[in-house]
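Student: Pasting a structure below so you can have a look.
The values are calculated or read from the model by the stated rules, or taken from the named source; none is laboratory data. Owing to the predicted nature of the structure, the values given are computational and were not obtained by experimental measurement. Positions of Cβ are backbone-derived with ideal geometry, glycine not excepted, and every protein chain shown enters the neighbour counts. Accessible surface is based on the protein model in full, side chains and every heavy atom, while ligands, DNA and RNA are left aside. Shrake-Rupley method; radii C 1.70, N 1.55, O 1.52, S 1.80 Å.
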Amino acid sequence: MPSNNHPAPRRKPPRVGPATSPKIGSSASSPAPVVSAPQPTPLKPAPKDLPAYEFLGYLPESYGSKKLFLVARDPHILFAYWDLNAIQYQEAARAAHDGKIFLEVYVPNEGRVQQIHIWDSHKNWYLQVNRPDTNFIAQLGYYRHDGGFEVIARSGEIRTPRDTLSPNTDARFVTIPFHIPFRELFDLIASQVQPGEELAETLARLQKSNFELPFQARVPRDLTAKESDELLEYLGDEEIRRRMVGSFEITEILKKRFETMVSSGQWTSSAGAWVTSLSSPFGASFGKERGFHMHVNAELIIYGGTSPDAKLRIDGQDISLTKDGTFSYHFVFPDGNFHIPVEATSADGVETRSALLSFLRMTDTEGDVRKTGQPKMDEPLGRK
(Lines give C-alpha, C1' and ligand atoms only; values in the text may rest on other atoms or scores of the structure.)
Protein backbone atom coordinates (compact mmCIF):
# COMPACT_ATOMS: atom_id res chain seq x y z
CA MET A 1 0.00 0.00 0.00
CA PRO A 2 1.61 3.33 -0.91
CA SER A 3 2.52 5.66 1.81
CA ASN A 4 1.11 9.14 2.12
CA ASN A 5 4.51 10.58 1.28
CA HIS A 6 4.52 9.30 -2.29
CA PRO A 7 2.01 10.43 -4.97
CA ALA A 8 -0.27 7.81 -6.52
CA PRO A 9 0.75 6.61 -10.00
CA ARG A 10 -1.03 8.27 -12.97
CA ARG A 11 -3.30 6.27 -15.29
CA LYS A 12 -2.73 6.49 -19.01
CA PRO A 13 -5.60 8.15 -20.88
CA PRO A 14 -7.66 5.88 -23.19
CA ARG A 15 -6.50 5.68 -26.82
CA VAL A 16 -8.70 7.21 -29.44
CA GLY A 17 -8.57 7.03 -33.24
CA PRO A 18 -6.72 9.59 -35.25
CA ALA A 19 -8.23 13.08 -35.14
CA THR A 20 -11.20 11.70 -33.13
CA SER A 21 -12.42 12.76 -29.68
CA PRO A 22 -14.94 11.04 -27.41
CA LYS A 23 -18.50 12.12 -27.91
CA ILE A 24 -20.00 14.52 -25.39
CA GLY A 25 -21.89 12.63 -22.66
CA SER A 26 -20.07 9.35 -23.17
CA SER A 27 -17.76 7.90 -20.61
CA ALA A 28 -14.11 7.92 -21.08
CA SER A 29 -14.08 4.17 -21.12
CA SER A 30 -16.51 3.95 -24.10
CA PRO A 31 -14.92 2.40 -27.16
CA ALA A 32 -13.83 5.01 -29.65
CA PRO A 33 -15.11 4.78 -33.27
CA VAL A 34 -12.68 3.35 -35.73
CA VAL A 35 -12.02 5.47 -38.81
CA SER A 36 -10.39 3.75 -41.77
CA ALA A 37 -7.70 5.52 -43.70
CA PRO A 38 -8.78 6.87 -47.15
CA GLN A 39 -7.99 4.57 -50.06
CA PRO A 40 -5.91 6.00 -52.89
CA THR A 41 -7.91 6.75 -56.09
CA PRO A 42 -6.78 4.50 -58.97
CA LEU A 43 -5.12 6.46 -61.72
CA LYS A 44 -6.90 6.52 -65.10
CA PRO A 45 -4.78 5.82 -68.12
CA ALA A 46 -3.82 8.98 -69.93
CA PRO A 47 -5.95 9.49 -73.09
CA LYS A 48 -4.15 8.66 -76.25
CA ASP A 49 -3.73 11.34 -78.86
CA LEU A 50 -6.47 11.09 -81.51
CA PRO A 51 -5.25 10.60 -85.07
CA ALA A 52 -5.71 13.54 -87.41
CA TYR A 53 -8.49 11.90 -89.41
CA GLU A 54 -10.74 11.54 -86.34
CA PHE A 55 -11.58 15.26 -86.33
CA LEU A 56 -11.46 17.28 -89.50
CA GLY A 57 -13.11 20.37 -88.10
CA TYR A 58 -16.67 21.65 -88.18
CA LEU A 59 -18.58 21.81 -91.43
CA PRO A 60 -18.98 25.38 -92.68
CA GLU A 61 -22.43 26.85 -93.21
CA SER A 62 -21.58 27.24 -96.88
CA TYR A 63 -18.63 26.60 -99.16
CA GLY A 64 -19.56 29.53 -101.40
CA SER A 65 -19.31 27.42 -104.55
CA LYS A 66 -22.38 29.07 -106.16
CA LYS A 67 -23.59 25.66 -107.34
CA LEU A 68 -27.25 24.84 -107.91
CA PHE A 69 -28.62 21.30 -108.04
CA LEU A 70 -32.02 20.14 -109.25
CA VAL A 71 -33.42 16.64 -108.76
CA ALA A 72 -36.82 15.03 -109.34
CA ARG A 73 -38.39 13.79 -106.13
CA ASP A 74 -41.20 12.10 -108.04
CA PRO A 75 -43.11 12.66 -111.33
CA HIS A 76 -44.75 15.81 -109.95
CA ILE A 77 -42.31 17.48 -107.52
CA LEU A 78 -38.78 18.83 -107.98
CA PHE A 79 -36.22 19.57 -105.27
CA ALA A 80 -33.65 22.34 -105.69
CA TYR A 81 -30.75 23.07 -103.34
CA TRP A 82 -27.85 25.48 -103.69
CA ASP A 83 -24.60 26.63 -102.09
CA LEU A 84 -24.62 30.40 -101.68
CA ASN A 85 -23.13 32.07 -98.60
CA ALA A 86 -24.48 35.19 -96.91
CA ILE A 87 -21.89 37.52 -98.45
CA GLN A 88 -22.60 36.27 -101.96
CA TYR A 89 -26.34 36.69 -101.41
CA GLN A 90 -25.91 40.25 -100.11
CA GLU A 91 -23.68 41.21 -103.03
CA ALA A 92 -26.26 39.89 -105.50
CA ALA A 93 -29.11 41.63 -103.66
CA ARG A 94 -27.24 44.97 -103.83
CA ALA A 95 -26.68 44.49 -107.55
CA ALA A 96 -30.38 43.70 -108.16
CA HIS A 97 -32.59 46.65 -109.09
CA ASP A 98 -35.20 45.54 -106.54
CA GLY A 99 -32.90 43.79 -104.03
CA LYS A 100 -34.50 40.39 -104.69
CA ILE A 101 -32.99 37.02 -105.63
CA PHE A 102 -35.12 34.52 -107.55
CA LEU A 103 -35.12 30.78 -108.14
CA GLU A 104 -36.55 30.04 -111.59
CA VAL A 105 -37.43 26.74 -113.23
CA TYR A 106 -37.65 26.34 -116.99
CA VAL A 107 -38.75 23.70 -119.46
CA PRO A 108 -36.20 23.81 -122.32
CA ASN A 109 -37.62 25.29 -125.53
CA GLU A 110 -40.86 26.12 -123.70
CA GLY A 111 -40.17 28.76 -121.07
CA ARG A 112 -40.36 29.47 -117.37
CA VAL A 113 -42.83 27.48 -115.30
CA GLN A 114 -42.01 28.71 -111.79
CA GLN A 115 -40.35 31.65 -110.07
CA ILE A 116 -39.63 31.79 -106.33
CA HIS A 117 -38.36 34.80 -104.37
CA ILE A 118 -35.70 33.41 -102.01
CA TRP A 119 -33.96 34.90 -98.96
CA ASP A 120 -30.44 34.45 -97.62
CA SER A 121 -31.75 31.92 -95.09
CA HIS A 122 -33.09 29.64 -97.82
CA LYS A 123 -30.87 26.78 -98.94
CA ASN A 124 -33.38 24.55 -100.73
CA TRP A 125 -36.91 24.51 -102.11
CA TYR A 126 -39.55 21.98 -103.20
CA LEU A 127 -41.36 22.86 -106.43
CA GLN A 128 -44.61 21.26 -107.51
CA VAL A 129 -44.62 21.19 -111.31
CA ASN A 130 -47.04 18.33 -112.08
CA ARG A 131 -45.16 17.53 -115.29
CA PRO A 132 -44.18 13.85 -115.53
CA ASP A 133 -41.66 12.77 -118.17
CA THR A 134 -40.49 16.36 -118.74
CA ASN A 135 -37.06 18.00 -118.80
CA PHE A 136 -36.34 20.91 -116.42
CA ILE A 137 -33.54 23.39 -115.73
CA ALA A 138 -33.28 25.69 -112.69
CA GLN A 139 -31.33 28.92 -112.21
CA LEU A 140 -30.63 31.43 -109.46
CA GLY A 141 -30.36 35.10 -110.33
CA TYR A 142 -31.68 38.64 -110.14
CA TYR A 143 -32.96 41.42 -112.39
CA ARG A 144 -30.35 44.04 -113.26
CA HIS A 145 -31.14 47.74 -113.52
CA ASP A 146 -31.21 47.43 -117.33
CA GLY A 147 -33.98 44.80 -117.06
CA GLY A 148 -31.83 41.78 -117.94
CA PHE A 149 -31.70 38.71 -115.73
CA GLU A 150 -28.27 38.03 -114.24
CA VAL A 151 -27.71 34.31 -113.64
CA ILE A 152 -25.77 33.43 -110.49
CA ALA A 153 -25.99 29.64 -110.87
CA ARG A 154 -27.64 27.21 -113.25
CA SER A 155 -28.40 23.53 -112.66
CA GLY A 156 -27.97 20.65 -115.02
CA GLU A 157 -30.93 19.41 -117.03
CA ILE A 158 -33.01 16.73 -115.31
CA ARG A 159 -36.11 14.76 -116.27
CA THR A 160 -39.07 13.80 -114.12
CA PRO A 161 -39.99 10.10 -114.20
CA ARG A 162 -43.10 8.80 -115.93
CA ASP A 163 -46.27 8.11 -113.96
CA THR A 164 -47.74 5.74 -116.55
CA LEU A 165 -47.62 1.99 -116.99
CA SER A 166 -44.31 0.63 -118.20
CA PRO A 167 -44.38 -0.53 -121.84
CA ASN A 168 -42.29 -3.52 -120.83
CA THR A 169 -44.77 -6.24 -119.85
CA ASP A 170 -42.28 -9.13 -119.91
CA ALA A 171 -41.92 -11.08 -116.66
CA ARG A 172 -38.64 -12.90 -116.08
CA PHE A 173 -37.87 -15.18 -113.18
CA VAL A 174 -34.37 -16.03 -112.04
CA THR A 175 -32.83 -17.95 -109.15
CA ILE A 176 -29.70 -16.31 -107.74
CA PRO A 177 -27.79 -18.56 -105.28
CA PHE A 178 -26.57 -16.41 -102.43
CA HIS A 179 -24.18 -19.10 -101.19
CA ILE A 180 -22.05 -18.54 -104.31
CA PRO A 181 -20.11 -15.25 -104.49
CA PHE A 182 -21.13 -13.03 -107.39
CA ARG A 183 -17.61 -13.04 -108.83
CA GLU A 184 -17.53 -16.83 -108.81
CA LEU A 185 -21.05 -16.94 -110.26
CA PHE A 186 -20.06 -14.56 -113.05
CA ASP A 187 -16.97 -16.62 -113.87
CA LEU A 188 -19.21 -19.70 -114.27
CA ILE A 189 -21.35 -18.06 -116.96
CA ALA A 190 -18.89 -15.51 -118.39
CA SER A 191 -18.69 -17.39 -121.70
CA GLN A 192 -22.50 -17.25 -122.06
CA VAL A 193 -22.95 -13.50 -121.43
CA GLN A 194 -24.25 -11.58 -124.43
CA PRO A 195 -23.24 -7.96 -125.14
CA GLY A 196 -25.01 -5.49 -122.85
CA GLU A 197 -26.54 -8.26 -120.75
CA GLU A 198 -26.54 -8.10 -116.95
CA LEU A 199 -25.87 -11.03 -114.64
CA ALA A 200 -29.52 -11.59 -113.71
CA GLU A 201 -30.58 -11.44 -117.37
CA THR A 202 -27.97 -14.03 -118.36
CA LEU A 203 -28.99 -16.32 -115.50
CA ALA A 204 -32.67 -16.02 -116.39
CA ARG A 205 -31.96 -16.90 -120.03
CA LEU A 206 -29.76 -19.88 -119.13
CA GLN A 207 -32.19 -21.23 -116.55
CA LYS A 208 -35.03 -20.98 -119.04
CA SER A 209 -33.01 -23.00 -121.57
CA ASN A 210 -32.12 -25.68 -118.95
CA PHE A 211 -28.43 -24.76 -119.04
CA GLU A 212 -26.47 -26.94 -116.61
CA LEU A 213 -25.63 -24.94 -113.49
CA PRO A 214 -24.02 -26.03 -110.18
CA PHE A 215 -27.22 -25.20 -108.27
CA GLN A 216 -30.90 -25.98 -108.59
CA ALA A 217 -32.93 -23.27 -110.30
CA ARG A 218 -36.57 -22.92 -109.36
CA VAL A 219 -38.60 -22.75 -112.53
CA PRO A 220 -42.06 -21.12 -112.21
CA ARG A 221 -44.61 -23.86 -111.67
CA ASP A 222 -48.17 -24.23 -112.87
CA LEU A 223 -50.97 -23.20 -110.57
CA THR A 224 -52.69 -25.82 -108.49
CA ALA A 225 -56.36 -26.54 -109.08
CA LYS A 226 -57.31 -24.47 -106.03
CA GLU A 227 -55.12 -21.54 -107.10
CA SER A 228 -56.57 -21.66 -110.62
CA ASP A 229 -60.14 -21.59 -109.26
CA GLU A 230 -59.33 -18.62 -107.03
CA LEU A 231 -57.73 -16.77 -109.94
CA LEU A 232 -60.68 -17.47 -112.23
CA GLU A 233 -63.09 -16.35 -109.53
CA TYR A 234 -61.18 -13.07 -109.16
CA LEU A 235 -61.01 -12.48 -112.91
CA GLY A 236 -64.71 -13.18 -113.32
CA ASP A 237 -64.22 -13.82 -117.03
CA GLU A 238 -66.58 -16.27 -118.74
CA GLU A 239 -64.17 -16.87 -121.60
CA ILE A 240 -61.43 -18.14 -119.31
CA ARG A 241 -63.90 -20.07 -117.15
CA ARG A 242 -65.19 -21.96 -120.14
CA ARG A 243 -61.69 -23.02 -121.10
CA MET A 244 -59.85 -25.41 -118.81
CA VAL A 245 -56.41 -23.89 -119.12
CA GLY A 246 -53.26 -23.81 -117.04
CA SER A 247 -51.39 -20.84 -115.60
CA PHE A 248 -49.27 -20.40 -118.74
CA GLU A 249 -52.35 -20.22 -120.98
CA ILE A 250 -54.03 -17.76 -118.58
CA THR A 251 -50.95 -15.54 -118.73
CA GLU A 252 -50.90 -15.67 -122.54
CA ILE A 253 -54.62 -14.84 -122.76
CA LEU A 254 -54.25 -11.84 -120.46
CA LYS A 255 -51.14 -10.65 -122.30
CA LYS A 256 -52.84 -10.85 -125.72
CA ARG A 257 -55.90 -9.10 -124.35
CA PHE A 258 -53.79 -6.28 -122.94
CA GLU A 259 -51.99 -5.85 -126.29
CA THR A 260 -55.35 -5.79 -128.09
CA MET A 261 -56.70 -3.13 -125.73
CA VAL A 262 -53.63 -0.93 -126.24
CA SER A 263 -53.68 -1.25 -130.04
CA SER A 264 -57.44 -0.62 -130.23
CA GLY A 265 -57.30 2.49 -128.06
CA GLN A 266 -59.17 1.05 -125.07
CA TRP A 267 -56.06 1.86 -123.03
CA THR A 268 -54.66 5.24 -124.02
CA SER A 269 -52.18 7.64 -122.48
CA SER A 270 -53.75 11.06 -121.91
CA ALA A 271 -52.56 13.95 -119.80
CA GLY A 272 -49.79 11.82 -118.34
CA ALA A 273 -52.07 9.02 -117.11
CA TRP A 274 -53.33 5.73 -118.52
CA VAL A 275 -57.07 5.76 -119.12
CA THR A 276 -59.00 2.52 -119.49
CA SER A 277 -62.61 1.70 -120.21
CA LEU A 278 -62.71 -1.00 -117.52
CA SER A 279 -65.55 -0.29 -115.12
CA SER A 280 -64.70 -3.01 -112.60
CA PRO A 281 -62.07 -5.76 -112.32
CA PHE A 282 -64.88 -8.15 -111.44
CA GLY A 283 -67.07 -7.42 -114.46
CA ALA A 284 -68.09 -10.18 -116.84
CA SER A 285 -66.63 -8.42 -119.87
CA PHE A 286 -64.76 -5.29 -120.87
CA GLY A 287 -67.01 -2.29 -121.51
CA LYS A 288 -66.86 0.15 -124.41
CA GLU A 289 -65.04 3.46 -124.13
CA ARG A 290 -67.52 6.21 -123.30
CA GLY A 291 -65.29 9.08 -124.35
CA PHE A 292 -66.58 11.37 -121.59
CA HIS A 293 -63.92 13.83 -120.44
CA MET A 294 -63.27 17.41 -119.39
CA HIS A 295 -60.49 19.88 -120.07
CA VAL A 296 -59.63 23.01 -118.08
CA ASN A 297 -56.78 25.48 -117.70
CA ALA A 298 -56.06 28.96 -116.33
CA GLU A 299 -54.33 32.16 -117.32
CA LEU A 300 -53.66 35.39 -115.48
CA ILE A 301 -54.21 39.05 -116.37
CA ILE A 302 -52.37 41.72 -114.36
CA TYR A 303 -53.76 45.23 -114.88
CA GLY A 304 -53.51 48.65 -113.30
CA GLY A 305 -52.51 52.26 -113.96
CA THR A 306 -49.90 54.94 -113.26
CA SER A 307 -48.78 58.28 -114.71
CA PRO A 308 -48.89 58.15 -118.51
CA ASP A 309 -45.24 59.25 -118.80
CA ALA A 310 -43.93 56.78 -116.19
CA LYS A 311 -41.76 53.78 -116.91
CA LEU A 312 -43.45 50.47 -115.98
CA ARG A 313 -41.86 47.05 -115.55
CA ILE A 314 -43.60 43.76 -114.81
CA ASP A 315 -41.58 40.65 -114.08
CA GLY A 316 -38.45 42.44 -115.28
CA GLN A 317 -39.98 43.42 -118.63
CA ASP A 318 -40.80 46.90 -119.92
CA ILE A 319 -44.56 47.37 -120.36
CA SER A 320 -46.18 49.96 -122.62
CA LEU A 321 -48.84 52.25 -121.16
CA THR A 322 -51.99 53.55 -122.75
CA LYS A 323 -52.65 57.29 -123.12
CA ASP A 324 -54.36 57.41 -119.74
CA GLY A 325 -51.57 55.39 -118.04
CA THR A 326 -53.41 52.11 -117.71
CA PHE A 327 -51.77 48.78 -118.52
CA SER A 328 -52.49 45.03 -118.73
CA TYR A 329 -50.20 42.03 -118.77
CA HIS A 330 -51.10 38.51 -119.89
CA PHE A 331 -49.36 35.73 -117.91
CA VAL A 332 -49.50 32.04 -118.79
CA PHE A 333 -50.31 30.42 -115.45
CA PRO A 334 -49.27 26.76 -115.07
CA ASP A 335 -49.20 24.90 -111.76
CA GLY A 336 -46.65 26.37 -109.38
CA ASN A 337 -45.74 29.22 -107.06
CA PHE A 338 -44.97 32.57 -108.73
CA HIS A 339 -43.80 35.97 -107.46
CA ILE A 340 -44.22 38.72 -110.07
CA PRO A 341 -42.72 42.16 -109.32
CA VAL A 342 -44.52 45.26 -110.68
CA GLU A 343 -42.58 48.55 -110.58
CA ALA A 344 -43.38 52.07 -111.80
CA THR A 345 -40.76 54.84 -111.96
CA SER A 346 -41.55 58.50 -112.51
CA ALA A 347 -40.41 60.12 -115.75
CA ASP A 348 -37.60 62.01 -113.96
CA GLY A 349 -36.45 58.83 -112.19
CA VAL A 350 -36.90 60.33 -108.72
CA GLU A 351 -39.86 58.32 -107.38
CA THR A 352 -40.57 54.60 -107.53
CA ARG A 353 -43.63 52.59 -106.59
CA SER A 354 -43.48 48.78 -106.50
CA ALA A 355 -45.58 45.75 -105.66
CA LEU A 356 -44.82 42.03 -105.50
CA LEU A 357 -47.79 39.89 -106.58
CA SER A 358 -47.66 36.27 -105.41
CA PHE A 359 -49.76 33.52 -106.98
CA LEU A 360 -50.08 29.81 -106.29
CA ARG A 361 -51.82 27.37 -108.61
CA MET A 362 -52.38 23.77 -107.54
CA THR A 363 -54.57 21.65 -109.79
CA ASP A 364 -56.24 18.55 -108.36
CA THR A 365 -58.22 16.43 -110.81
CA GLU A 366 -60.42 13.36 -110.61
CA GLY A 367 -61.12 11.17 -113.58
CA ASP A 368 -60.21 11.95 -117.20
CA VAL A 369 -59.40 15.65 -116.93
CA ARG A 370 -57.05 17.11 -119.52
CA LYS A 371 -55.39 20.49 -119.95
CA THR A 372 -56.83 22.99 -122.38
CA GLY A 373 -54.09 24.05 -124.75
CA GLN A 374 -52.62 27.46 -124.06
CA PRO A 375 -53.29 29.95 -126.89
CA LYS A 376 -50.15 30.57 -128.89
CA MET A 377 -48.84 34.08 -128.35
CA ASP A 378 -45.55 35.51 -129.58
CA GLU A 379 -45.36 37.89 -126.64
CA PRO A 380 -47.56 38.48 -123.58
CA LEU A 381 -49.98 41.35 -123.92
CA GLY A 382 -48.51 44.68 -122.88
CA ARG A 383 -44.87 43.82 -123.50
CA LYS A 384 -42.94 46.10 -125.83
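Student: Taking a ≥ b ≥ c as the square roots of the Cα gyration tensor eigenvalues, with a/c under 1.5 meaning rounded and otherwise prolate when a/b beats b/c, else oblate, which class fits segment 133-224?
Tutor: Prolate, since a/c reaches 1.5 and a/b exceeds b/c.
Student: Now a separate question. What is the packing order of peptides 304-310, 112-118, taking the mean over residues of other C-beta atoms within 10 Å and listing the highest first?
Tutor: 112-118, 304-310
Student: Output the pairs from Lys67/Lys371; Lys100/Lys311; Lys100/Lys323; Lys67/Lys100 with a Cα-Cα distance over 24 Å in this structure; if there are none, say none.
Tutor: Over 24 Å apart, Cα to Cα: Lys67/Lys371; Lys100/Lys323.
Student: Further, regarding this structure: Just subtract the alpha-carbon distance of Val369 and Arg353 from 0.36 nm times their residue separation and send over the number in nm, one decimal.
Tutor: Answer, rounded to one decimal: 1.6 nm.
Student: Given a 1.4 Å probe, how much area per residue of segment 90-191 is accessible, in Å²?
Tutor: Solvent-accessible surface per residue comes out at 56 Å².
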